[in-house]
2 protein chains.
Amino acid sequence: MKEIVRVNTRRGDVIRQEATDEEMRWGGRLLIAKFLMREVPPACDPLGRYNKLIIAPGLLGDTPVTTAGKYSVGGKSPLTGGVKESDVGGESGRKIARLGIKAIVLEDLPDRPVTYVLILDARGARLEECPELKGRMVTETFDRIRARFGGQVGIMAIGPAGEMKLPGAGVAVTDVDDIQLRYAARGGLGALMGSKGIKAIVVDDSGAPPPAYFDEAFLKEANREFVKMIMADPKTENRHKYGTPAVLMACNALGILPTRNFSSGQFEKATSIDGERVADVIAERGGEGRSGRPCVRGCVIQCSNVFPDPSGKKMTASIQYENIALLGSNCGIGDLDDITELNDLCNQVGVDAIETGAAIGVAMEAGIVPFGDAEGAKDLIRQIGRGTPLGRILGCGAVITGKVLGVRRVPAIKGQAIPAYDPRALKGNGITYITSPMGADHTAGNMLETAKTVDPLGRERQVENSRRLQIRAALLDTMGLCLFTRPPFVKRPDFFGIFLKGRYGWEMTYADVQRLGIDCLETEREFNRRAGVSEELHDIPEFMREEPLPPSNSVFDIPMEEIQRIWEVQVPADVF
Amino acid sequence: MKEIVRVNTRRGDVIRQEATDEEMRWGGRLLIAKFLMREVPPACDPLGRYNKLIIAPGLLGDTPVTTAGKYSVGGKSPLTGGVKESDVGGESGRKIARLGIKAIVLEDLPDRPVTYVLILDARGARLEECPELKGRMVTETFDRIRARFGGQVGIMAIGPAGEMKLPGAGVAVTDVDDIQLRYAARGGLGALMGSKGIKAIVVDDSGAPPPAYFDEAFLKEANREFVKMIMADPKTENRHKYGTPAVLMACNALGILPTRNFSSGQFEKATSIDGERVADVIAERGGEGRSGRPCVRGCVIQCSNVFPDPSGKKMTASIQYENIALLGSNCGIGDLDDITELNDLCNQVGVDAIETGAAIGVAMEAGIVPFGDAEGAKDLIRQIGRGTPLGRILGCGAVITGKVLGVRRVPAIKGQAIPAYDPRALKGNGITYITSPMGADHTAGNMLETAKTVDPLGRERQVENSRRLQIRAALLDTMGLCLFTRPPFVKRPDFFGIFLKGRYGWEMTYADVQRLGIDCLETEREFNRRAGVSEELHDIPEFMREEPLPPSNSVFDIPMEEIQRIWEVQVPADVF
């Protein structure tokens, strides 16, 4: 059986409950949606007593299925005011699952300023006050926890931004090799964790009994077949070699690469910051630099990297496409050393690099620092860490930055910054950003994948396509699988049922599994409706319906009535 | 016939349309609700192209009925995101009405930075660029306009806060004697005016033909009777002598006087800042000081004042109870000279003193400056005028200040700061703040008036009472009458029909008139529903349901289900 670990941050105690049969059927993103709907008043203050921070491995979180160690962090978002699930790799997800924990639920608020560490191990769970961690940068926090708890534990932590409860703050996690610093970045969940007084969570699964699979041999055999199909997909090698920055030139060619606060879809210095360039610099500089690293144990795609500075010392790990786009081209910055330093600064102070890059773009439009001023941008992120008034404004994300600085061109939907795919020239993404319960989030259903089969500039089939990819994303996030495992599922959606049978003995057709994804979206949507965050209220930013995006000179022109149809779209029950 | 004057701020042109029969039946607040519902997409960006700033005299705006020169400024609020009507005295309302203008509608946005003055006179309406006014404080703006247009014109203007589009900005207006600086303060309408590039509006009614009343003698006779009843009411003399600060000691006694960011309902220095003290200081110092001044021509109540500094020079005019409470006790400041200077600073930079006082209280709770630090508070308001990052944060109002500074105890509902009546010990006001389409606004239905007949700490009859007073407020704001004209209407609600008959020849029972108020509220509520600003989504701040308010130690405990019933409450058709 699995446990729900409830941590009351006011009383400082922990309650462990056995998961019910119904709860056993939930995992990752679906579990978060269900728990929020059941336990959190949708209209509550996201940083108040009634919100909860929920951490949940996916349904396959404790299995050997490749990438399945990804896990979900969620709650009512301090950024969007709606439901938020942010999933992340690293080492803690599998450890949480191996400890037999279905979900960790952080409840209530401390009634005094406090800096807690939550410790989860085979003996149980407990809160410990660690005032010496107060205000520490993320790597320093990890280092101090490592020094005390050793190299085998998984760690989640927030930076000063999360402690300051800034809605742009994320939750940082360690990776399998203790090299990368990864983030459950979006939606301000670091602020939610900070509001609970929790600076870090330590997960130690040593001594935990091995998971009781229904049929281990069957599960492992299925995974072997699954891995073979992933490896056979041509995209996998590309991802392995160049990481997510592999798509930068494609995005530039499509004219969707955010440039200077979303005023262009192409950047004149794109070749200086693309995937090949990232890989070349890593290879040239050597030292601590690495391409093709895994973020979760057992991942065969291994799309992460360690980006070194000119001396070969690690600058940031991993550097991703979206961060390059938002901190780079979107700020008019075309130098990888600058961009990776900006990325590292975000990682250290504890903010989402996408949100922060968008906020800096807005601040640049307001004239706070000029576009292209990398040193100015670095100073702005350092100011977030110091909590200066300007730093705090930026740490609140793009929307509040725009409001405070009087900028109308703010690239955000439902309070969250638009990621690195301008929806004017990849219109399906606009539909995802508007209708996804997550707000503007490319991981909720990214049409880049289908740009060759569905015209990104056209209006045809966009709604249907977004619906299909949104169900997919919800499913993968419920299982704890990486989006990059899609290729085998496209050919064989029955893999889901096979894995669930091997793990739990459940008999589920793909139609049954698909309903989990639909249920997840519907539950999230209903929560958002009650929280006042629905698509009728949150169209694309007005400037994107007015202002043509060079070079396609396209505007976002899909009418809201058409977009609303998305909730009626039926995806065939045998199509992933 | 009356005209609708539409000013397109992008093209820079003006269109004048004859008001339709339907439009003729609308005035003030009702007109704004109807125009917004008809013309403004509820989910639009309040500072974008699709919002409109609407200025409308009440239905009695061009009549000699006492106080009827009050008029309404409205639009989708940059502060609340919902409908906003802010009404104000001064001289312009009657002048607009005398020019035969039913409403001024400012549309679209300029496509370049521009500083316009809108000039309305008997020849028509036109926009003129006045770059020399850019960034000027309010009094300086008034002085420069006076120097050019003379003493006979009415002026509306915004300060630097409005030009910066800060959501706490208001619209300042001149008064009948050119002494007072009054404000359509609440809801950020100054930011909306600033977004349209309009720094000031000049209204010159010289040469306008006299209004064509249906029956002037009848109207004047009715007004005489009406005035007699107002003067006979004991509250009138009290208001005349002490102004709105007359209620401060009563509020202190009830324990609803906001003190140190709403942490207490009583202030130990209350007697230093109450109405008697205000009147005494004015009398002692002499000079330019005055009590008992009118804000609109023909007002017989005359509750305004001119507060002098120790040398007798005008410090601020008029100083009101709510401003004393929010800038004073709510900030722990108990000196009238400090408070009136703070008030003047708000007036000059162009922000709502209530919103700004609440924002400073939140900033004090965050430790930016200590409670009681008057010089620190003055510096903060000056920073708004200069547009420093901290100043801009405060200029965005209490909610954004709380978000950026990480404060949970934010006294605001629907994005707007709670005025000077703590709803924990005047529970009916909590119902008004939650359910009024205006957000937390005491002028929308203030239960202080009924504190002797409805227990302010009890739950009985609060919902019904709020409903009744909200209909009242909507009616008075639709007529253009001051809330302080209530006494005769309580005894004789037929006065409304009489005035409307005298002005227009309409035959309306009070039941007909009451329906205007109900229609106004329902229209506003529907706009808000479509804008995502409804009471289910915006309960009272959580801390007010948890944290007992000294000295009554009462919390706000009216359940949302009970509050929601307000929309079903029927007020008898013969009760005002």
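Observations on the model:
- Subset of segment B:387-401 that is of a type outside the set (A, V, I, L, M, F, W, C) and under 19 Å from the mean Cα position of the chain (by Cα) - its residue that is farthest from B:Gly81 (Cα to Cα): B:Gly395
- Those residues of segment B:136-168 which are among the small types (Gly, Ala, Ser) and farther than 13 Å from B:Ile384 by Cβ, in sequence order: B:Ala147, B:Gly150, B:Gly151, B:Gly154, B:Ala157
- Here B:Asp62 clears all of (1) closer than 23 Å to B:Ile518 by Cα; (2) crowded, with 24+ Cβ neighbours inside 10 Å except the condition numbered (1).
- Conditions (1) more than 19 Å from A:Gly150 (Cβ to Cβ); (2) surrounded by 24 or more Cβ atoms within 10 Å (Cβ to Cβ); number of the one not met by A:Val203: (1)
- Residues of segment A:520-537 that are out of contact with any helix residue (DSSP H, G or I) (no Cβ under 8 Å at 6 or more places or on another chain), surrounded by fewer than 24 Cβ atoms within 10 Å (Cβ to Cβ) and closer than 21 Å to B:Cys44 by Cα: A:Arg529 alone.
- Scanning segment B:337-356 for residues that are in contact (Cβ under 8 Å) with a residue 60 or more places away in the chain and in a helix (DSSP H, G or I) returns B:Ile339, B:Asn347, B:Gln348, B:Val349, B:Ala353, B:Ile354, B:Glu355, B:Thr356.
- Of the criteria (1) at pLDDT 95 or above; (2) out of contact with any Pro (no Cβ under 8 Å at 6 or more places or on another chain), which one A:Glu449 fails: (1)
- Among the candidates A:Gly328, A:Gly397, A:Gly334, residue that is within 14 Å of chain B (Cβ to nearest Cβ), small (Gly, Ala, Ser) and touching a helix residue (DSSP H, G or I) at 6+ places or on another chain (Cβ under 8 Å): A:Gly397
- Matching residues, segment A:270-291, being within 14 Å of A:Ala246 (Cα to Cα) and basic (Lys, Arg): A:Arg277
- The condition of being buried (at least 24 other Cβ atoms within 10 Å of the Cβ), among the aliphatic types (A, V, I, L, M), at pLDDT 95 or above and not in a helix (DSSP H, G or I) holds for A:Ile333.
- Leading residue by the ranking (nearest to the other protein chains (Cβ to nearest Cβ)) among those in segment A:16-33 that are surrounded by 22 or more Cβ atoms within 10 Å (Cβ to Cβ) and of a type outside the set (A, V, I, L, M): A:Arg29
Here is a yes/no grid of residues against (1) away from chain A (no Cβ under 14 Å); (2) closer than 23 Å to B:Arg392 by Cα; (3) modelled with pLDDT of 95 or more:
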site: B:Pro131; (1), (2), (3): yes, yes, yes
site: B:Arg136; (1), (2), (3): yes, yes, yes
site: B:Phe142; (1), (2), (3): yes, no, yes
site: B:Met156; (1), (2), (3): yes, yes, yes
site: B:Ala161; (1), (2), (3): no, yes, yes
site: B:Leu166; (1), (2), (3): no, yes, yes
site: B:Ala184; (1), (2), (3): yes, yes, yes
site: B:Gly187; (1), (2), (3): yes, yes, yes
site: B:Ala191; (1), (2), (3): no, yes, yes
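- Only one of the numbered conditions (1) buried (at least 24 other Cβ atoms within 10 Å of the Cβ); (2) away from chain A (no Cβ under 14 Å); (3) within 24 Å of B:Tyr183 (Cβ to Cβ); (4) more than 16 Å from the chain's Cα centre (by Cα) is violated by B:Ala425, and that is (3).
- Residues that are more than 20 Å from B:Ser72 (Cα to Cα) and not hydrophobic (A, V, I, L, M, F, W, C), drawn from segment B:428-457: B:Gly428, B:Asn429, B:Gly430, B:Thr435, B:Glu449, B:Thr450, B:Lys452, B:Thr453, B:Asp455, B:Pro456
- Residue within segment B:547-557 that is more than 27 Å from A:His538 (Cα to Cα), within 13 Å of chain A (Cβ to nearest Cβ), part of a loop (DSSP other than H, G, I, E, B) and at pLDDT 95 or above present: yes
- Residue match in segment A:101-109 (condition: within 14 Å of chain B (Cβ to nearest Cβ) and charged (D, E, K, R)): yes
- Enumerated helices (runs of 4 or more DSSP H) restricted to segment A:204-304, each holding at least 1 residues that are of a type outside the set (D, E, K, R), in contact with a Phe, Trp or Tyr (Cβ under 7 Å, 6 or more places away or on another chain) and within 20 Å of A:Ala425 (Cα to Cα): A:248-254
- Among the residues of segment A:450-503, those that are small (Gly, Ala, Ser) and surrounded by 24 or more Cβ atoms within 10 Å (Cβ to Cβ) comprise A:Ser466, A:Ala473, A:Ala474, A:Gly480, A:Gly502.
- Qualifying residue in segment A:561-568 (condition: of a type in the set (D, E, K, R), within 14 Å of chain B (Cβ to nearest Cβ), surrounded by fewer than 16 Cβ atoms within 10 Å (Cβ to Cβ) and within 30 Å of B:Ser534 (Cβ to Cβ)): yes
- Residue in segment A:47-67 that is within 14 Å of chain B (Cβ to nearest Cβ) and either of a type in the set (Ser, Thr, Tyr) or closer than 18 Å to A:Glu526 by Cα (or both) present: yes
- Scoring A:Met315 on the criteria (1) more than 14 Å from chain B (Cβ to nearest Cβ); (2) assigned to a helix (DSSP H, G or I) leaves a single failure, condition (2).
- Any chance A:Ile282 is under 30 Å from A:Leu481 (Cβ atoms), out of contact with any helix residue (DSSP H, G or I) (no Cβ under 9 Å at 6 or more places or on another chain) and not small (Gly, Ala, Ser): yes
To keep it simple, each residue is scored yes or no on (1) closer than 30 Å to B:Gly194 by Cβ; (2) touching a Phe, Trp or Tyr at 6+ places or on another chain (Cβ under 8 Å).
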{"position": "A:Leu342", "(1), (2)": "no, no"}
{"position": "A:Ala353", "(1), (2)": "no, yes"}
{"position": "A:Ala363", "(1), (2)": "yes, no"}
{"position": "A:Phe371", "(1), (2)": "yes, no"}
{"position": "A:Cys396", "(1), (2)": "yes, no"}
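- The residue that is farthest from the other protein chains (Cβ to nearest Cβ), among those in segment B:193-202 that are farther than 21 Å from B:Asp477 by Cα and of a type outside the set (Ser, Thr, Tyr), is B:Val202.
- Residue that is surrounded by the fewest Cβ atoms within 10 Å (Cβ to Cβ) [pool: residues in segment A:373-394 that are aliphatic (A, V, I, L, M) and more than 10 Å from chain B (Cβ to nearest Cβ)]: A:Ala374
- Filter result for B:Ala43 (without any contact (Cβ under 8 Å) to a residue 60 or more places away in the chain and touching a Gly at 6+ places or on another chain (Cβ under 8 Å)): no
The values are calculated or read from the model by the stated rules, or taken from the named source; none is laboratory data. Here the structure is a predicted model, which is why all the values come from computation and not from measurement. Every residue, glycine among them, receives a Cβ derived from its backbone with ideal geometry; neighbour counts consider all protein chains shown.
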